[in-house]
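The values are calculated or read from the model by the stated rules, or taken from the named source; none is laboratory data. Note that the structure is a prediction, hence the values are computed from the model and not measured. A quick note on method: Cβ atoms are made from the backbone with ideal geometry, for glycine too, and the neighbour counts reach across all protein chains shown. What goes into the accessible areas is simple: the full protein's heavy atoms, side chains included, and nothing from ligands, DNA or RNA. Shrake-Rupley method; radii C 1.70, N 1.55, O 1.52, S 1.80 Å.
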Amino acid sequence: MSRIGKMPIEIPGGVDIKLEEGNFITVKGPKGTLSRQLVPEIDIKIEGGTVNVTRPNDLKKFRSLHGLTRTLISNMVVGVTTGYQKTLEINGTGYRAAKAGNKLTLTLGYSHPVEMEDPEGVEATVEGNTKIHVSGIDKEKVGQYAANIRAKRPPEVYKGKGIKYSTERIRRKAGKSGKKA
């Protein structure tokens, strides 16, 4: 049995979960509404203040989908109650970020500034010139937008210049050594 899949999901106060035909689930909470089509073969039951996820049998396909389904529902519940946030840091001389409306402008040493528009349901805020906070209720969208920002100039290993996650550690390499004998 899946250790993650068999754990019940507690429904906090202020959160409303609706399960429709074909495992289409809608989660409403104080921060917003999320809905998602889940695999119809997995059984989802809403009983009292919990959501339970079970699988029909022990085929490999259903074992892999069991924990995934439970985690997706749990992420939706957490998203509409507390939300998700990722923090990025910009390192490098002259590298900076600016925010105007829903456009994020990154100056990353290219011949032109890189402009990115916030996707629907995700918001990026700039703290100082070098910290970017990406927040929203959908964990997938927040993570993808943060990854797209990081991909514009990933950190390099010699000087550490680029955009990195605040929790990320960059393994630095030694540069050129001195003269050859």
> Is there a residue being open to solvent by 80 Å² or more (accessible area, probe 1.4 Å), in contact (Cβ under 8 Å) with a residue 40 or more places away in the chain, part of a strand (DSSP E or B) and farther than 30 Å from Glu156 by Cα anywhere in the range 19-30?
Replying inline: yes
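A quick yes/no check of all residues on (1) closer than 20 Å to Pro155 by Cα; (2) of a type in the set (Asp, Glu); (3) open to solvent by less than 30 Å² (accessible area, probe 1.4 Å):
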{"site": "Thr69", "(1), (2), (3)": "no, no, yes"}
{"site": "Gly79", "(1), (2), (3)": "no, no, yes"}
{"site": "Gln85", "(1), (2), (3)": "no, no, no"}
{"site": "Asn91", "(1), (2), (3)": "yes, no, no"}
{"site": "Ala98", "(1), (2), (3)": "yes, no, no"}
{"site": "Met116", "(1), (2), (3)": "yes, no, yes"}
{"site": "Val122", "(1), (2), (3)": "no, no, yes"}
{"site": "Val126", "(1), (2), (3)": "yes, no, no"}
> Which ones in the range 40-67 are hydrophobic (A, V, I, L, M, F, W, C) and in contact (Cβ under 8 Å) with a residue 40 or more places away in the chain?
Replying inline: Val51, Val53
> Looking only at the range 148-166, which residues are open to solvent by 40 Å² or more (accessible area, probe 1.4 Å) and closer than 26 Å to Val78 by Cβ?
Replying inline: Asn148, Arg150, Ala151, Tyr165, Ser166
>> List the strands (runs of 3 or more DSSP E) inside the range 71-181, counting only whole elements, that have at least 1 residues being free of Cβ contacts under 8 Å to residues at least 40 places away in the same chain.
In response: 96-100, 103-107, 114-117, 122-127
